[in-house]
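Beneath this line is the structure, given in structure tokens, with notes to follow.
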Amino acid sequence: MNAPPIVLYDTTLRDGTQREGLVLSLADKLKIARRLDEAGFPYIEGGWPGSNPKDEEFFAAARSMTFRHTKLAAFGSTRHRSNRADEDPNLRALLAAETPVTTIFGKSWLLHVVDVLGATPEENLAMVGESVAFLRAAGREVIYDAEHFFDGYRADAAYALATLRAAVEAGATSVVLCDTNGGCLTDEIATMTRAVRAELETGVTLGIHVHDDAGLAVANSLAAVQAGARHVQGTINGYGERCGNANLITIWANLALKVGFETVPGGGDLTHLSELSRFVAEVANIAPDAHAPYVGTSAFAHKGGVHGAATARVEQAYQHVDPAIIGGTSRLVVSELGGRANAAWRVRQLGQLASEGLDPAELSRLVKQLESEGLSFEGADASFELLVRRRRADYVPPFRIVDYTVIVERRNGAAPRAEASVKVEVDGEVLHTAADGNGPVNALDLALRKALGAFYPALDEVHLVDYKVRIIDGAAATGARTRVIIETGHETGSWLTAGAEANIISASLAALHDSLEYAIWRLDARPRRRDERSSSHAAHHRTPLAAGEAS
Ligand SMILES: [Zn+2]
């Protein structure tokens, strides 16, 4: 059987932005569109031009962009009950977006037709048919989204099918069955999709668009594909309203690796999947989900002692696929739960370091001791890696924090302010910088970066992704130890560092210190030459260490 490939249709920029807390600027939307085009998506739904000015601006700006793989789709609804199609403002806005594809949704469920729209069943069929025909007549490819299809089909199968036929007869080339409320079970989706496939003429592409309200969006999308759908709508990372849309990253990997279907974009090389997922998360300013299937940083991380020991011996013992296929590596979480095998295996991953005489048993003891003091390496691989590197005899730290001061004050009921100053030594030279921040840690971060940035310009491209604080010994209340985990990002990836101290400022500084030291090593950043530093940072208070100001 030579089935046509499964077309992945991305709606991150339209349905995805309906997630609470997710806001994309025009520039963000254009950035994501470009990235999705590079990834090979055949369709990107850019927005709903009739609904807001930002989406209209998006289509205007996108007109001057060249897409290599992507056809842009503008999204909207069928004409209003009382408008003629050619006078309907929503349909006219769709044409004005000048996209090759228009996707319109219409009602399949009589409850919505009668009680929400106040239309008769016949009026709704005319609204669907005339709207599709109007867009077809203007030369657009028309994809028809059958809203609430499964709920409608359950209530009145003949009517739900009639709405699809109205769209197909008017020229829609794809009809998409939507589980708009996201509550269907997988077997229902499979049964109804199969029934619809049998009713529709073979030239029409059947699609699926589901939401995750029952936690089944990925499973339901796959079930629909197995029942005959050849077009799958979803969003990167499953962003979307309420509980989210179907996660296209997971669906893509499953179709390629598990179901064995050809996909567009192709599934032959999935090594860039994590990077795509992280890119969209960063632009959307949402912390990447460490536990996301396939692409999360924990997706192939083994923590339990038994799992660790087995994985060290047979890598696939606790893995459903080879992580290398999606560009990852297996990872043993170094923690007090893990035995010697975890630490040894981690050290082996660090390559040459192991061959330079580091004793895994000693390392494992050290990790356990540090962890008992509250410094957890779990989820802080970069701090662990530094711990190992710093034990090398020839390790030269790229900088030293000589001292720091943080002031937080609030006077006469005014807003509190924070100011930090830091002295950093690099290459025998001490730089003293100060910064204001919205809080003490922010001020400290800014002051430290200001100082280090003068020496290592590469750090300008490194930024804080996430900052988490946890109290380790809750019983000690305000005297408890504080554990800080920092995630730092760069276009090449992200890393986690940790600090644990009785005081939240020092814990944060320890994690920041590791994060930047790791960045310098990872980016192989070299300090700027002394003369370049003095010309570009003359404003800083800078003293050679020899002059004896510091320490
Ligand atoms: Zn939706």
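The values are calculated or read from the model by the stated rules, or taken from the named source; none is laboratory data. Just so it is clear, the structure is predicted and the values come from calculations on it, not from any experiment. Note that each Cβ is placed from the backbone with ideal geometry, even for glycine, and that neighbours are counted across all protein chains shown. Just so you know, the surface numbers come from the protein's heavy atoms only, side chains and all, with ligands and any DNA or RNA stripped out. Shrake-Rupley method; radii C 1.70, N 1.55, O 1.52, S 1.80 Å.
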**Asked** Just going by the charge dipole of the range 1-140, with Lys and Arg at +1 and Asp and Glu at -1 on Cβ, which of Ser82, Gly21, Pro42 is farthest out on the positive end?
**Response** Pro42
**Message:** Probe radius 1.4 Å, ligands and nucleic acids ignored: give me the carbon and sulfur share of the accessible area of the chain as a rounded percent.
**Reply:** 51 percent
**Asked** Can you pull the accessible area of Tyr404 for me, 1.4 Å probe, Å² to the nearest 10?
**Response** 80 Å²
**Request:** Any chance you could run the full-extension gain for Arg35 through Ser82? It's 0.36 nm times the residue separation minus the Cα-Cα distance, nm to one decimal.
**Result:** 12.9 nm
**Message:** Taking the 0 to 90 degree range and rounding to the nearest ten, how far is the long axis of helix 340-349 tilted relative to the main principal axis of the chain, both from C-alpha atoms?
**Reply:** 80 degrees
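On a full-extension model of 0.36 nm per residue, what is the gain between Ala393 and Ala157, subtracting their alpha-carbon distance, rounded to one decimal in nm? Write down the numbers at each step before the final one.
Details: separation 236, 0.36 × 236 = 84.96 nm, distance 7.47 nm.
Length gained between Ala393 and Ala157: 77.5 nm.
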**Message:** I need the peptides 18-24, 48-54 ranked by packing, meaning the mean over residues of other C-beta atoms within 10 angstrom, with the highest value on top.
**Reply:** 48-54, 18-24
**Item:** For Thr103, distant residues with modelled amide H under 5 Å away
**Value:** Ala74, Phe75, Gly76, Ile143
**Item:** Cβ-derived FRET efficiency at R0 45 Å, Ala3 paired with Ala60, nearest 0.05
**Value:** 0.75
**Asked** For the range 496-512 and the range 434-448, what is the separation of their Cα centres, given in Å?
**Response** 14 Å
**Message:** Taking 8 Å as the Cα distance limit and 6 or more residues as the minimum spacing, I'd like the relative contact order of the chain as a percentage.
**Reply:** 9 percent
**Asked** What's the angle, to the nearest 10 degrees (0 to 90), between helix 360-372's Cα axis and the longest principal axis of the chain?
**Response** 80 degrees
**Complete:** Taking the alpha-carbon centre of each part, the distance from the range 164-179 to the range 28-94 in Å is 19 Å
**Item:** Helix axis angle, 121-137 relative to the chain longest principal axis, alpha carbon, degrees
**Value:** 70 degrees
**Entries in Lys29/Lys468; Lys29/Lys71; Lys71/Lys258 that, when Cα-Cα distance is taken, lie over 18 Å** = Lys29/Lys468; Lys71/Lys258
**Request:** Subtract the Cα-Cα distance of Ser25 and Glu123 from 0.36 nm times their separation in residues, and report this length gain in nm to one decimal.
**Result:** 31.5 nm
**Fill in**
extent check for the chain: Cα max minus min per principal axis, descending, whole Å, gives 87, 56, 47
**Complete:** To the nearest 0.05, the calculated FRET efficiency linking Arg194 and His463 through their beta-carbon distance, R0 being 41 Å, is 0.25
**Separation of the Asp427 and His291 label points, Cα + 7 Å toward Cβ, nm** = 4.5 nm
**Complete:** Along the dipole axis of the chain (charges at Cβ: +1 for Lys and Arg, -1 for Asp and Glu; origin at the Cα centre), the most positive-end residue among Ile104, His211, Leu366 is Leu366
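So what is the accessible area of the chain per residue, in Å², with the probe set to 1.4 Å?
Per residue, the chain has an accessible area of 43 Å².
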